[in-house]
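The values are calculated or read from the model by the stated rules, or taken from the named source; none is laboratory data. None of the values given here were measured: they were computed from a predicted structure. Note: ideal-geometry Cβ built from the backbone for every residue, glycine included; neighbour counts use all protein chains shown. The accessibility values were calculated without ligands, DNA or RNA, using every heavy atom of the protein model including side chains. Shrake-Rupley method; radii C 1.70, N 1.55, O 1.52, S 1.80 Å.
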Amino acid sequence: MDEAKELERFDDKIEQEIRIEPKDWMPDDYRKMLIRQISQHAHSEIVGMLPEANWITRAPSLRRKATLLAKVQDEAGHGLYLYCAAETLNISREEMVDQLLSGRAKYSSIFNYPTLSWADIGAIGWLVDGAAIMNQVPLCRASYGPYARAMVRICKEESFHQRQGYEILLTLCRGSEEQKAMAQDALNRWWWPSLMMFGPNDDASSHTAQSMKWKIKRFSNDELRQKFVDVCKEQADILGITIPDPDLKWNEESGHYDFGKINWDEFWNVIKGNGPCNKERLQARIESHEEGAWVREAALAYAEKKKKSELVGSPSN
Amino acid sequence: MSNQSEPLWEVFIRSKQGLDHKHVGSLHAADAKMAIENARDVYTRRMEGVSIWVVESKYIHATNPDETESLFDPANDKVYRHPTFYDLPDELKYM
Amino acid sequence: MDSKPTNNAQNDLVDFTLFFADSSLIMGHRLSEWTGHGPMLEQDIAITNIALDLIGQARNFYQYAAELITNQKDKKITEDDLAYLRDAHEFKNLLITELPNEDWAKTIGKVFFFSTWQFYFYQKLIYSSDKQLAAIAEKSLKEVTYHVKWSSDWIIRLGDGTEESKKTIEKAIEDLWPYTGEMFVPADFEADVKNSVFVDVSSIKNDWLEKVNSVFKEGTLAVPGESWMQSGGKNGIHTEHLGYILAEMQFMQRAYPGLEW
C-alpha cells in the first residue's frame, strides 16, 4: 500500500477512536511524538521517586513509613510500565535511559524542587499526584494502545497516592500550631510549581495541537490547569490552609476560579537545568546506573552460562 | 560496559483459579527465573494473580496487520456458527 | 533477682518480641535506602517489596510487644513509642541488620544470611505455645520463604556471574560472616530453653549452615571457616552504625515529641 493510502487509513482509525497498535502503520511523527511523550513520562516517574525517597528513612511513624515506601515503589512500577509501552515503538529502554542520563531527555520539572519537611510529602501526594492524575486520566483513552493500557494500570494504582498525601496534610492541619505551619509552608512552596506541571500556556505549547489532533492528549494544558485550580481551592479550604495567590478568586461569570500569573521565567529556567535540585537528581540517577552496571553484567553473564550448559545437557531430554 | 542488556519478556497472569492467563505487560530480566520473580514483584503487588507465565518477547509470533482483512473479515458473515442463529420454539427447554 | 518468676517470663517474652521487631525494622529500614537507587528498575521494586515485608513484620511484633507492655505497666504504649523513642542500647536487633548496604553484593549477602536465619527460626516459632507469636511467625514465614529464594538466586548469580561479581560477593561474605554467629547464641531472655514459648536458636544452626552450603556451592563460592564472631546486638551493644540509623529514623518524633503524624 502506498503512503498516502496508509495515512488515510491511519487518520480514519484515529477519527473512529480505533486504537493504534504497535505493528500498525503509523506516521513517523506520530511515533516520534509518542516516544518523546511516553519516555518523558517514564523519566518523570523515575526521577520523581527521589524527592519522596528522601523522606523514607525519616518518616515519622511506622505506618507512614510503610505507605510512603509502597507509594515510591509504585512510581518505579509506573516508570517500568511506561518504558515498556515506549519500547513497543522500537526504542530500547537503554536508549531512553541514556537520553535521560546524558541530559538530552526531559522530565517533569517539579521533581527538581527539594523536599524540605515531612509536610512536603503530603503536599507532593496532594498537589503533584493530583495534577498528575488530572493529566493522566484522559490519557487512558490515548490513541496508542500500549500507552492507553499502561495508563489504565497506572491510574488504578495512583488513586491511593493522592489520598495518602491529603491525609498527611489533614493530620498536620488538625495537629499542633507548628504542624499546621509546616503544612502551610509546604503549600507555599509547592503550589506554583504544581501549576507549572500542566506545561506552558496553550498558545506557547508547541506540541499540544498536533497531540490533540492525534488524540494522544484530550485536553489542553490550560483546560486541565483550570480544572486543577478549581478542585484544589476547595480542598485547601477543608484543610484550613491558604493557597499562596492573592489573585485567586471565584469568577461568577466563568464559573471558575481566576488565578494569578505563573512565573514562566522560573519554569523555563528549571527546565533548562537551573532548578534547585536538577544536578542532584540527575547525578543520583547516573550513580545508580553506573554502580549497577557490574550487577547487570553479572546477571547476564550467569544467564549466558546457564543457557550454554542447558544446551550441552539437553540431548538426554 | 557491555552493550548487551537484559532481554524483554512478556508477562501473562492468571488472576484466579479457573481463568485463563492474560497478558498484563512486559519487563526486563536476564533469564527466565529472574523474569518470573520480577513479574511477581512488579505485576502481583496488589493480589492480581495466582499463576505467572513469562515468555521472551522475541519468541512471540504475531499476525501481520496488513492481513487483518483477509484473516478476520471472512468470519463476519458466518453467523450460523452462533447459537442465536437458529430459530426454535420458546417451549423448548434445556437447549 | 527476687522478682517473681512469672514476671521474669513476661519480661523475657517482651524482650524476645522486641528482638524480632527491632531486627526486622532495622533490616527493613536499611533495605528501604535502596528505593529509587536499585541497579535496575525491576530490582528496585523487588528490594522495596522485601523492605515492606520486613517493616510489616516489625509492626506486628511491635504491636504485640506494645500490648504486653501496656498490660504490664498499665500505661498506654504504641508501636511507634517502641520504634521511635528507645535509644540504641535498648535496641536488640542483630548486628548484621544495621551494617551499611554498601553495594548490591553486601546487601544481597545480608538479606540471604538474615532471611535464611528467619526462615528456620519462624519454622520453629510457628509451634510456640504463645499463640500470638506463632501467628506472626506463620504469616511472616510465607514472605521470608520468598526472600530466601530471591536472595539465594542473587548469591548464585553474583558468585557464578563475572569475575568482578565473584570478587565482590566474596568480599561481602568475608565481611559479613563474623556477624552470623550471634544469630545462634541465645540471649539471656531466650536462655530458658524449657520455656515452650521460645525457640532453641542453637538448634537451627545446622539447617542454616546446610542451606548456606548448598547455595554457595551452586554459586561456586567457598563457605568461610570458623572465625571470631561479633556479638552484642541482642543485649543492646551495637556497632556505631545503629546510632546514626536511629538519629535519622527517630528525628521527627524526637524533634516534635508527642504529636500525631
Original post:
Does A:R163 fit the bill of being away from chain C (no Cβ under 14 Å), touching a residue at least 60 places away in the same chain (Cβ under 8 Å) and open to solvent by 10 Å² or more (accessible area, probe 1.4 Å)?
Top reply: no
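Let's see how each residue does on (1) modelled with pLDDT of 95 or more; (2) more than 9 Å from chain A (Cβ to nearest Cβ); (3) touching a Ser or Thr at 6+ places or on another chain (Cβ under 7 Å):
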{"position": "C:N7", "(1), (2), (3)": "no, yes, no"}
{"position": "C:F19", "(1), (2), (3)": "yes, yes, no"}
{"position": "C:M27", "(1), (2), (3)": "yes, yes, yes"}
{"position": "C:G36", "(1), (2), (3)": "yes, no, no"}
{"position": "C:E42", "(1), (2), (3)": "yes, no, no"}
{"position": "C:I50", "(1), (2), (3)": "yes, yes, no"}
Original post:
Is there any pair with a first residue in region B:31-55 that is more than 24 Å from B:S5 (Cα to Cα) and a second that is outside any helix (DSSP H, G or I) and of a type in the set (D, E, K, R) whose Cβ atoms are under 9 Å apart and which are 6 or more apart or on different chains, and what are they?
Top reply: B:G49/B:R14; B:G49/B:K16; B:V50/B:R14; B:V50/B:K16; B:S51/B:R14
**OP:** Could you please find all residues in region A:277-298 being touching a Pro at 6+ places or on another chain (Cβ under 9 Å) and more than 18 Å from A:H43 (Cα to Cα)?
**Re:** A:E291, A:A293, A:W294, A:V295, A:R296
Original post:
Condition test on B:K58, is it of a type outside the set (G, A, S), in contact (Cβ under 8 Å) with a residue 40 or more places away in the chain and open to solvent by 80 Å² or more (accessible area, probe 1.4 Å)?
Top reply: yes
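To keep it simple, each residue is scored yes or no on (1) touching a helix residue (DSSP H, G or I) at 6+ places or on another chain (Cβ under 9 Å); (2) within 14 Å of chain C (Cβ to nearest Cβ); (3) part of a helix (DSSP H, G or I); (4) among the aliphatic types (A, V, I, L, M).
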position	(1), (2), (3), (4)
A:K272	yes, no, yes, no
A:P276	yes, no, no, no
A:L282	yes, yes, yes, yes
A:A301	yes, yes, yes, yes
A:K308	no, yes, yes, no
Subject >> Filter result (within 12 Å of chain B (Cβ to nearest Cβ) and either surrounded by 15 or more Cβ atoms within 10 Å (Cβ to Cβ) or assigned to a helix (DSSP H, G or I) (or both)) within region A:20-37 >> reply: A:I20, A:P22, A:D24, A:W25, A:M26
Original post:
Take the residues of region C:175-200 that are part of a helix (DSSP H, G or I) and over 17 Å from the mean Cα position of the chain (by Cα): which is farthest from C:S23 (Cα to Cα)?
Top reply: C:D175
**OP:** Tell me which residues, restricted to region C:83-119, are part of a helix (DSSP H, G or I), within 14 Å of chain A (Cβ to nearest Cβ) and open to solvent by 10 Å² or more (accessible area, probe 1.4 Å).
**Re:** C:K106
Original post:
From the list C:D12, C:D44, which one is in a helix (DSSP H, G or I), in contact with a Gly (Cβ under 6 Å, 6 or more places away or on another chain) and of a type in the set (D, E)?
Top reply: C:D44
Subject >> Sole residue being more than 30 Å from C:L85 (Cα to Cα) and either out of contact with any Gly (no Cβ under 8 Å at 6 or more places or on another chain) or at pLDDT 95 or above (or both), chosen from A:L62, A:L80, A:L116, A:L68 >> reply: A:L80
